[in-house]
Amino acid sequence: MRGLLTFLVFCWAVMFGASYASATGLLLSEDEIGLVLSHGPWPMESASDPSNVMSGNRDAIELGRKLFFSPVLSSDRQTSCASCHVPDLNSTDGLPRGKGTRSLDRNTSALYNLRHNRWFGWAGQNDNLWAQSLAPISHPDEMQLSDQGLKRSLAVSEFRGDYEALFGTLGDDDPQQVLVNVGKLLAAHLETLETGRTAFDEFRDALERGDLETAAVYPAAAQRGLSLFVGRGGCNFCHSGPLFSNGEFHDAGVPYFIEPGRVDSGRHGGIKALRASPYTLDGVFSDDPGKTGAWAVQNVITQHSNFGTFRVPGLRSVAETAPYMHNGSLSSLDAVVEHYSNIDMERLHADGEALLKPLNLNDQQINDLVQFLKTLSAPLPEL
Ligand code: HEC
Ligand code: HEC
């Protein structure tokens, strides 16, 4: 079906594209239109997560939401997930790097559209959302609560009744299982957080229908930026598909020194953490007897080329979640586009990316790309 539609648009573009272009203000070539279509449709189809028995369960989602805001999951009884993933800051903290009991090594991720990811965290240190969601609870620099501590804390909390209604008597549970259960409740909530439709989506769907009148509403600057994004800029090699991410790991030329003498090994360390984790899709805590998706963790191996690569972030609503990059080192979208425009080839490691080279954009082109990125913003769901 999708192929047919693409073909029809292609025919339409071949027959009328050129002559319509000046009359309608459509600034994209046929090839570019085909690439634009590949960034939708939105929303994507989604199914519940087979590794999480609580996925899609209404009571679990509600309890997961309450736990997200609750200091019951922290040893100091003052920190919640929302301390760093702040609702007023669109699920981030606005800081370059997260701040727990000390400064963390990475930028606090936004929490939208997570259900479509294969890997979680900047280094893909987890292969499922519940594992990523339980990690901060015991992390020494984040919530610092042991499995035992979590079980005790939950037992005396107002959530005990709701927890037991879903998982049975808390008293009988192994503390590690309690941690996993809490991770699954949090994940059930987080996977409901999807960004809405954007000006870009209206444009893309109008192109697919051949509806030039609606397409013409999309601003010229954004069209020029989009044309750079899928064309000369080569951005869509990595920022591909409806999420504007291929879901994999690349080196975008961001320095990986955390402080003098200490580097963030990115995917290299992420794979090590993943292989050591008891909480993968291949492990005993997955609820999926079919082990869907476990092939990925079974097959990843650390290679030199993984060093200093990070997960390609999706770009939906990116304008709402500054600062940018794994270390929050770029404060605005202008700064990000300038970074790609002047990319320092010395910073890309030897066996790194052949996809990036300095684009030498002028001010208008930089602005066009930023205007395009802003059309990926949508009303955000409440946390
Ligand atoms: C002290 C600050 C802090 C707290 C508290 C915190 N987070 Fe985070 N969160 C971060 C940072 C920093 C990252 C990026 C970590 C990385 O990739 O290494 C992150 C990443 C994530 C991600 C990954 C998103 C993605 O795109 O892969 C999820 C999911 C998440 N946090 C959920 C939670 C939940 C659930 C809680 C509460 C149990 C929580 N966080 C508590 C700072 C925090
Ligand atoms: C080789 C793959 C690749 C290409 C090509 C690429 N990117 Fe990226 N992009 C990444 C990776 C990887 C990151 C995260 C890098 C990091 O944190 O170290 C990123 C980060 C970003 C971010 C920040 C997102 C956030 O939430 O922090 C934006 C915006 C962005 N890219 C836009 C672009 C644009 C615009 C282009 C084209 C000019 C482009 N990218 C080309 C891989 C790529």
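The values are calculated or read from the model by the stated rules, or taken from the named source; none is laboratory data. Just so it is clear, the model here is predicted, and its values are computed rather than measured. Quick reminder, even Gly has a Cβ in these numbers, built from the backbone with ideal geometry, and neighbours come from all protein chains shown. Keep in mind that these areas ignore ligands, DNA and RNA; they rest on the heavy atoms of the full protein, side chains included. Shrake-Rupley method; radii C 1.70, N 1.55, O 1.52, S 1.80 Å.
So is ALA378 away from ligand 1 (no atom under 15 Å from the Cβ), open to solvent by less than 50 Å² (accessible area, probe 1.4 Å) and in contact (Cβ under 8 Å) with a residue 24 or more places away in the chain or not? Taking the combined requirement at face value, the residue satisfies it.
Yes/no matrix, rows are residues, columns are (1) among the charged types (D, E, K, R); (2) not assigned by TED's automatic domain parsing to the domain that holds LEU348:
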position: ALA252; (1), (2): no, no
position: VAL263; (1), (2): no, yes
position: ARG267; (1), (2): yes, yes
position: LEU281; (1), (2): no, yes
position: PHE285; (1), (2): no, yes
position: TRP295; (1), (2): no, yes
position: GLN298; (1), (2): no, yes
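Restricting the search to helices (runs of 4 or more DSSP H) fully inside segment 188-301 and requiring at least 3 residues that are among the acidic types (Asp, Glu) gives 199-209.
Filtering segment 229-272 to residues that are within 13 Å of ligand 1 (Cβ to nearest atom) and of a type in the set (Gly, Ala, Ser) leaves SER245, GLY247, SER265, GLY266, GLY269, GLY270. Might you let me know whether segment 22-34 holds any residue that is assigned to a loop (DSSP other than H, G, I, E, B) and either at pLDDT 95 or above or of a type in the set (D, E, K, R) (or both)? There is no residue in segment 22-34 that is assigned to a loop (DSSP other than H, G, I, E, B) and either at pLDDT 95 or above or of a type in the set (D, E, K, R) (or both). Among the residues of segment 144-171, count how many are in contact (Cβ under 8 Å) with a residue 12 or more places away in the chain, over 12 Å from LEU73 (Cα atoms) and not hydrophobic (A, V, I, L, M, F, W, C). Summing the residues that are in contact (Cβ under 8 Å) with a residue 12 or more places away in the chain, over 12 Å from LEU73 (Cα atoms) and not hydrophobic (A, V, I, L, M, F, W, C) in segment 144-171 gives 3.
Among the residues of segment 207-242, count how many are farther than 13 Å from ILE366 by Cα, in contact (Cβ under 8 Å) with a residue 40 or more places away in the chain, more than 9 Å from ligand 2 (Cβ to nearest atom) and of a type in the set (A, V, I, L, M, F, W, C). Number satisfying all stated conditions: 6.
Answer yes or no: is there a residue in segment 322-329 that is part of a loop (DSSP other than H, G, I, E, B) and away from ligand 1 (no atom under 16 Å from the Cβ). Taking every residue of segment 322-329 in turn, none turns out to be part of a loop (DSSP other than H, G, I, E, B) and away from ligand 1 (no atom under 16 Å from the Cβ). Here is the figure for segment 157-181: residues that are within 28 Å of the chain's Cα centre (by Cα) and open to solvent by 50 Å² or more (accessible area, probe 1.4 Å) total 2. If you check ASN367, ASN362 for being under 15 Å from GLY233 (Cα atoms), more than 12 Å from ligand 2 (Cβ to nearest atom), over 21 Å from the mean Cα position of the chain (by Cα) and surrounded by 16 or more Cβ atoms within 10 Å (Cβ to Cβ), only one passes: ASN367.
Does SER331 satisfy the condition of being farther than 26 Å from GLY40 by Cα and small (Gly, Ala, Ser)? Yes; evaluated as a whole, the condition is true for this residue. In segment 134-156, the qualifying residues are those that are open to solvent by 10 Å² or more (accessible area, probe 1.4 Å), part of a helix (DSSP H, G or I) and within 30 Å of ASP251 (Cα to Cα), and the one that is farthest from ligand 1 (Cβ to nearest atom) is SER138.
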